[in-house]
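Since the structure comes first, as structure tokens, the remarks are kept for the end.
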């Protein structure tokens with residue numbers, strides 16, 4: 001008798017284990033493994049819905065871009081002020097004056113004196129001014145007795161966008177040159193008259209494109225009130241330095257004048273000279 005036969009006789013028949021025995025042993029093995037595994041801290045997601053999880057996932061995508069985020073470049077202060085003034089101007093009611101009407105303007109000087117002017121809307125009617133206490137007749141361009149060019153106080157058909165307005169200013173409307181000094185004269189002249197809201201907004205936006213602008217947040221008007229000032233330096237063709245200035249109300253961004261002729265305290269459209277709005 002060989003050794004293998006002795007072992008088979010000693011162990012008895014080696015049949016397969018029953019299915020119930022396998023299931024019981026498997027359960028015992030899994031239970032033992034679970035009890036030996038270190039416990040993790042439970043994270044409670046109270047109130048988190050599927051939509052919330054989706055939003056969180058989206059937020060991760062937004063907040064962790066492949067490249068570093070690029071912060072927007074802030075506008076220079078003069079440009080910011082001019083754009084704010086343009087936005088306020090564009091929101092004003094649009095009033096279209098008749099050619100036979102007048103633009104009334106009252107300005108106040110540092111010493112308290114007030115000047116008043118009645119300027120022809122189309123430049124062909126006789127106007128009037130009270131300046132430094134003196135009444136002056138302002139002749140309109142009419143009658144045909146002498147050659148003249150109308151200077152309308154409310155020019156018609158002006159551009160309503162910044163680029164168009166800048167091109168208009170460069171045309172030297174009244175025959176001046178095309179230097180920054182001449183451009184400044186055009187700008188101040190236009191701003192002092194009556195402009196429809198979209199036109200005034202375009203003027204401010206055009207000025208914002210001019211070089212050398214400086215914001216003066218400590219500026220004061222002729223009456224001593226704190227205002228916002230935009231200045232730019234220029235020189236005439238003869239090298240004479242000049243400084244132009246726009247003054248704005250710091251709250252409403254209303255145009256208050258150029259700083260040279262007092263502060264604008266009232267302006268409107270009237271039907272006749274000596275009439276006030």
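The values are calculated or read from the model by the stated rules, or taken from the named source; none is laboratory data. Keep in mind that this is a model prediction, so the values were computed, not measured. Cβ atoms come from the backbone with ideal geometry, glycine included; neighbour counts cover every protein chain shown.
Identify all residues within segment 108-144 that are outside any loop (DSSP other than H, G, I, E, B) and either touching a helix residue (DSSP H, G or I) at 6+ places or on another chain (Cβ under 9 Å) or farther than 21 Å from residue 266 by Cβ (or both); write none if there are none. Before the answer, list the steps.
Going residue by residue through segment 108-144, those that are outside any loop (DSSP other than H, G, I, E, B) are 108, 114-120, 127-131, 134-138.
Of everything in segment 108-144, just one residue is outside any loop (DSSP other than H, G, I, E, B) and either touching a helix residue (DSSP H, G or I) at 6+ places or on another chain (Cβ under 9 Å) or farther than 21 Å from residue 266 by Cβ (or both), namely 137.
Inspect all residues belonging to segment 115-134 and state whether any of them is farther than 30 Å from residue 208 by Cβ, surrounded by fewer than 11 Cβ atoms within 10 Å (Cβ to Cβ) and at pLDDT 90 or above.
Checked against the condition, which is being farther than 30 Å from residue 208 by Cβ, surrounded by fewer than 11 Cβ atoms within 10 Å (Cβ to Cβ) and at pLDDT 90 or above, segment 115-134 yields at least one hit.
For residue 170, work out the one condition from (1) out of contact with any helix residue (DSSP H, G or I) (no Cβ under 6 Å at 6 or more places or on another chain); (2) surrounded by 14 or more Cβ atoms within 10 Å (Cβ to Cβ) it doesn't fulfil.
Failing condition for residue 170: (2).
Counting just the residues of segment 220-231 that are touching a residue at least 40 places away in the same chain (Cβ under 8 Å) and buried (at least 20 other Cβ atoms within 10 Å of the Cβ), which one comes out farthest from residue 114 (Cα to Cα)?
We begin by selecting, within segment 220-231, every residue touching a residue at least 40 places away in the same chain (Cβ under 8 Å); these are 221-224, 228, 230.
From the residues that got through so far, the ones that are buried (at least 20 other Cβ atoms within 10 Å of the Cβ) too are 221-222, 228, 230.
Numbers: 221: 14, 222: 11, 228: 22, 230: 24 Å.
Residue satisfying both the conditions and the ranking: 230.
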